[in-house]
Amino acid sequence: MTTATEASPSSRTVPTVTGLHHLGLTVRDIGASEAWYNEVLGLVRAFAEPHGTGEGYAVVMTRPGTGLFVGLDHHPDADQQMFSPRRTGLDHLALQVASREAIDEWITHLDEAGVEHETLFESTEPAPHALVVFRDPDGIPIELFWFGG
């Protein structure tokens with residue numbers, strides 16, 4: 001992993017962004033996914049909205065007290081295949097946690113919720129960090145990540 005601390009030189013000025021607003025994930029079973037994201041990640045429904053095309057809809061969930069919003073998108077013509085990071089598009093979703101100890105708390109929570117996860121990964125390069133990966137009902141990898149640098 002490398003970290004960039006300086007902007008890349010550019011011949012153009014790029015307009016400002018202030019952060020990530022939300023992430024939309026296409027899911028196979030929106031009801032099952034909403035229940036899972038609620039139970040496992042503590043997200044609650046903020047609202048539901050139709051897609052601008054008139055086809056399908058999204059259930060937008062949030063973690064109260066944070067700026068995290070995740071849209072669970074239903075597309076009637078979705079292929080219904082399990083997620084694969086080998087297809088162009090999303091590779092994984094990474095959520096930041098506040099401390100190294102929080103990773104252990106999450107592992108305990110995942111175990112108690114019966115959610116399979118990978119083994120804890122820790123490293124000191126390029127700076128201290130730790131993470132654990134698990135998957136949602138559609139196979140989308142979710143990484144809980146602490147960066148101590």
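The apolar share of the surface of the stretch 64-149, taken as the fraction of accessible area on carbon and sulfur atoms (1.4 Å probe, ligands and nucleic acids excluded), comes to 51 percent.
Here the contact order of the chain, divided by its residue count and restricted to Cα pairs under 8 Å and six or more residues apart, works out to 21 percent.
In the context of the full set of protein chains, residues of the chain present 66 Å² of accessible surface per residue (probe radius 1.4 Å, heavy atoms only).
Put simply, the amide H of PHE145, placed in the peptide plane, has neighbours under 5 Å in LEU95, GLN96, VAL97, leaving out anything fewer than 5 places away on its chain. Counting only Cα atoms, the chain measures 50, 45, 34 Å along its principal axes, largest extent leading.
Sorted by mean Cβ packing within 10 Å, highest first, what order do the peptides 133-145, 11-23, 106-118 take? Intermediate results must be reported in sequence, preceding the final value.
Working: 133-145: 17.6, 11-23: 6.9, 106-118: 13.1.
Answer by packing, highest mean first, reads 133-145, 106-118, 11-23.
State whether the stretch 67-149 is rounded, prolate or oblate according to the following rule on the C-alpha gyration tensor (a ≥ b ≥ c being the square roots of its eigenvalues): a/c under 1.5 gives rounded; otherwise a/b larger than b/c gives prolate, and the remaining case gives oblate. It is prolate, given that a/c is not under 1.5 and a/b is the larger ratio.
With the simple model of a label 7 Å out from the Cα in the direction of the Cβ, THR119 to PHE47 spans 4.6 nm. Within the shell defined by Cβ-Cβ distances under 12 Å, the residues around TRP146 carry a net charge of -4, with Lys and Arg each +1 and Asp and Glu each -1. Add +1 for every Lys or Arg and -1 for every Asp or Glu among the other residues with Cβ under 13 Å from the Cβ of ILE30, and state the total. Its environment carries a net charge of -4. Among GLY139, PHE69, SER99, pick out the residue whose Cα is farthest towards the positive end of the charge dipole of the stretch 40-149, where Lys and Arg carry +1 and Asp and Glu carry -1 on C-beta, about the Cα centre. The residue sitting farthest along the positive end of the dipole is PHE69.
Each peptide in 75-87, 93-105 gets a packing score, the mean of other Cβ atoms within 10 Å over its residues, and the list from highest to lowest is 93-105, 75-87.
The values are calculated or read from the model by the stated rules, or taken from the named source; none is laboratory data. This structure is a prediction, so every number in the text was calculated from the model and none was measured. Every residue, glycine as well, gets a Cβ built from its backbone with ideal geometry; the counts of neighbours run over all protein chains shown. Note: accessible area is taken over every heavy atom of the protein model, side chains too, but ligands, DNA and RNA are not part of it. Shrake-Rupley method; radii C 1.70, N 1.55, O 1.52, S 1.80 Å.
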